[in-house]
Amino acid sequence: MGSVSANELILDDLAEWLRRYAQIIDENKTYLTELDSAIGDADHGANMARGTAAVVATLDQAQSIDALLKKAGMTLVSTVGGTSGPLYGTLLMKMGMAAGNVVSLYPDQFGKAFRAGIEGVIARGKTELEDKTMIDALLPSIDAFDAAVADGAGLHDAIESAQQAAAAGRDATIPMVARKGRASYLGERSAGHLDPGAASATYLWDALADVTGA
Amino acid sequence: MKKLINSPDSVIADALKGIEASDDNVRIDHDNRVIYRREAKDSGKVALISGGGSGHEPMHGGFVGLGMLDAACAGEMFTSPTPDQMLAATTEVDNGAGVLHIVKNYTGDVMNFEMAAEMAVDAGVKVETVLVADDVAVEDSTWTAGRRGVGTTVLLEKIVGAAAEEGLDLAAVKELAERVTANGRSMGMALTSCTVPAAGKPTFDLPEDQMEIGIGIHGEPGRHREPIADAKSIAKQLVDPILHDHDFTGAPVIAMLNGMGGTPLIELYLMYGEVVALLEEAGVKVERNLVGNYITSLDMAGCSLTLLRADDDMIRHWDAPVRTAGLRWGL
């Protein structure tokens, strides 16, 4: 770590981001599975841990940010399965496509790429806010990131704003009634539980904050 | 947990070896976990692919062969297969006439098949998709993931498989498939939960004196739970919501009384007798039927009922020859 130049994310930082994300997922896989057993099918932690571990094995090969993220996305799609595979896979693949064949991103470029990834997830999942999904954490987080960057915040500060917004969005899923995925079969009974996808999505910003922190 | 397995991690790989050894209708790509129909491609025939989580056998692998599927993708236990498996299957079975993806309506299956279809179209393959969403236990609304795909899938694979065998083109095959899904309805119940090998314990607790009405095929909860009752009243709890949802009078009906995996055949026959009596009372005429384990949920005890409001076309395709591990007649 520590390779982050003041206000830029380079290829190695993004590889480090995904490594740190895999670590956080692994540390929390039991917790994620517990969240999923309340309103889903009790496999979110195990599936994400399997997929992110497979991603870590691909990270040294990439020569550009788009190659890194597209490969990571494809790996998630083919190893995670279920709904999380296509959704997280789409997030990283679309982010990579938007980032392009480059080796570093300024904050505004990173925000643009991340937003493109989130829009990909919304299209793939046909999801909107308050469906009780990962979008409830992701959409407010990217809005907060972009707003902070527009206000002249540095990279790490903008990431921390996004991290806080993601956590608030995640916690706001607790009272929601699920309208997508297996949790929606439960109807009103899905209220009162935190959405596991919103929890694992928030770790994306936690990982990025760790990597860009001093 | 007591199961005939070597280890929870190798259940699917080990089972695929056994399927290959036992079923001479199929060959298996073990890397991609795809079960293919063995005989050479018949040029000009629309190819049919399905797939889903494992644990529902004989669906889908047991329906690969003459008159039904050309390939089936096996996912992890109760987890959708991935787009790379489906893409491999799609490009392998296509011989120019196009490929129909038969997808059960679960968010994961829908997304993975959608990605595979996009990739296959990029690779120059004509792909159409039919979505099965027949479980009346789930309220259908724009605010949920919609009805689950269950028993109608089996009937659809048989009927549409025969139509493809007959030489219908992709548009006609898809149209027939949509007519089947529009006219099929299912309802299930459980006497016990099921045990996923990796979890090692039952997915939900169901006390000895209770049953779960309106279950899915993954141990997900049903509509409600109530004290166990006699077969006659359980049959009524399956028949009523189906007849309430769709008109099954005035047309030939195909009925399937399906076991969830852990219920003896004698109980399934008994239940079928009760169901048919109720259907007769309601003026529903069953022309064809299946009784047995066709779309299961591991070791769950219980059953589901599927009714299809058929037409002469569908009955003719139903009667056409089929040779698969799961269904075999007319040859």
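A short reminder: the numbers here are calculations on the coordinates, not readings from a lab. Because the structure is predicted, anything quoted here is derived from the model rather than measured. Because the Cβ atoms are built from the backbone with ideal geometry, glycine has one as well, and the counts that use them run over all protein chains shown.
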Practice problem: Round to the nearest 10 and give me the degree value, 0 to 90, for the angle of helix A:196-212's Cα axis relative to the longest principal axis of chain A. | Solution: 20
Self-check item: the stretch B:184-329, relative contact order [Cα under 8 Å, separation at least 6], %
Solution: 31
Quiz item: In the Gaussian network model of chain B, springs joining C-alpha atoms below 10 Å, which of B:GLY219, B:GLY53, B:GLY18 carries the largest mean-square fluctuation?
Solution: B:GLY18
Quiz item: Once you average over the residues of B:10-23, how many Cβ atoms of partner chains fall within 10 Å of each Cβ?
Solution: 0
Practice problem: Would you mind counting up the charge near A:VAL102? Only other residues with Cβ under 11 Å from its Cβ, with Lys and Arg at +1 and Asp and Glu at -1. | Solution: -2
Exercise. May I ask you to list the aspartates and glutamates whose Cα is less than 12 Å away from that of B:LYS3, ignoring any residue fewer than eight positions away on the same chain?
Key: B:ASP299
Self-check item: Proximal lysines to B:LYS285, defined as alpha-carbon separation beneath 22 angstrom and excluding residues fewer than eight positions away on the same chain
Solution: B:LYS158, B:LYS232, B:LYS236
Self-check item: Residue-averaged beta-carbon neighbours from other chains (10 angstrom radius) around B:191-199
Solution: 1
Quiz item: Over the stretch B:1-144, what relative contact order in percent results from Cα pairs under 8 Å that are six or more residues apart?
Solution: 20
Practice problem: Provide Rg over Rh for the stretch B:214-331; use the alpha carbon set for both Rg and the Kirkwood Rh (inverse mean inverse pair distance). | Solution: 0.97
Quiz prompt | Residue (of A:ALA99, A:GLY169, A:LEU87) at the positive-pole extreme of chain A, dipole from beta-carbon charges | solution = A:LEU87
Exercise. Apply the Karplus parameterisation 6.51 cos²θ - 1.76 cosθ + 1.60, with θ equal to phi minus 60°, to every residue of the stretch B:128-134 and state each ³J(HN,Hα) to the nearest whole Hz, in sequence, with x for glycine and proline.
Key: 10, 10, 10, 9, 9, 9, 10
Quiz item: What are the principal axis extents of the Cα atoms in the stretch B:36-132, in Å, biggest first?
Solution: 34, 28, 21
Quiz item: For B:LYS126, which aspartates and glutamates qualify as cross-link partners when the Cα separation must be under 14 Å and same-chain residues fewer than eight apart are set aside?
Solution: B:GLU92, B:ASP94, B:GLU114, B:GLU118, B:ASP169
Quiz item: Mind checking which of A:VAL102, A:VAL77, A:VAL121 has the largest fluctuation in a GNM of chain A, springs on alpha carbons under 10 Å?
Solution: A:VAL102
Quiz item: Among A:192-198, B:260-266, what's the highest-first ranking by average C-beta atoms within 10 angstrom per residue?
Solution: A:192-198, B:260-266
Quiz prompt | Mean separation of Cα contacts under 8 Å (6+ apart) over length of chain B, as relative contact order % | solution = 19
Practice problem: Rounded to whole Å and sorted largest first, list the principal axis extents of the Cα atoms in the stretch B:81-175. | Solution: 39, 28, 19
Quiz prompt | Cα-based Rg of the stretch B:11-182 normalised by 2.2 N^0.38 Å, two decimals | solution = 0.95
Quiz item: If we restrict to alpha carbons, what Rg and Dmax does the stretch B:264-304 come to, in Å?
Solution: 11.6, 34
Quiz item: Mind listing P(r) for the protein assembly as shown? All alpha-carbon pairs, 20 Å bins, whole percents.
Solution: 22, 52, 23, 3
Quiz item: Looking at chain A, how many pairs of lysines come closer than 17 Å at the Cα, when each pair is eight or more places apart or spans two chains?
Solution: 7
Quiz item: What residue among A:ILE142, A:ILE39, A:ILE174 has the largest mean-square fluctuation in a Gaussian network model of chain A, using Cα springs under 10 Å?
Solution: A:ILE174
Self-check item: Loop sites in the stretch A:93-161: GluC sites (Glu not before Pro), DSSP, at most 12 other Cβ within 10 Å
Solution: none
Quiz item: Placing +1 at every Lys and Arg Cβ and -1 at every Asp and Glu Cβ, with all other atoms neutral, what dipole size does the stretch B:11-182 have around its Cα centre, in debye to the nearest 20?
Solution: 160
Quiz prompt | Charge dipole (chain B, unit charges on Cβ, about Cα centre) - positive-most of B:ALA137, B:GLY44, B:THR195 | solution = B:THR195
Quiz item: Dividing the alpha-carbon Rg of chain A by 2.2 N^0.38 Å yields what?
Solution: 0.95
Quiz item: Which order, highest average first, do B:120-128, B:61-69, A:25-33 follow once you tally other Cβ atoms within 10 Å for each residue and take the mean per peptide?
Solution: B:61-69, A:25-33, B:120-128
Quiz item: In chain B, what is the volume of the convex hull around the alpha carbon atoms, normalised per residue and reported in Å³?
Solution: 128
Quiz prompt | Nearest-20 debye value, the stretch A:51-194 charge dipole, Cβ charges on Lys, Arg, Asp, Glu | solution = 700
Quiz item: Taking every residue in A:75-85, how many Cβ atoms of other protein chains lie within 10 Å of its Cβ, on average?
Solution: 6
Quiz item: In debye, nearest 20: dipole of the stretch A:127-209 around its Cα centre with unit charges on the Cβ of K, R (+) and D, E (-)?
Solution: 500
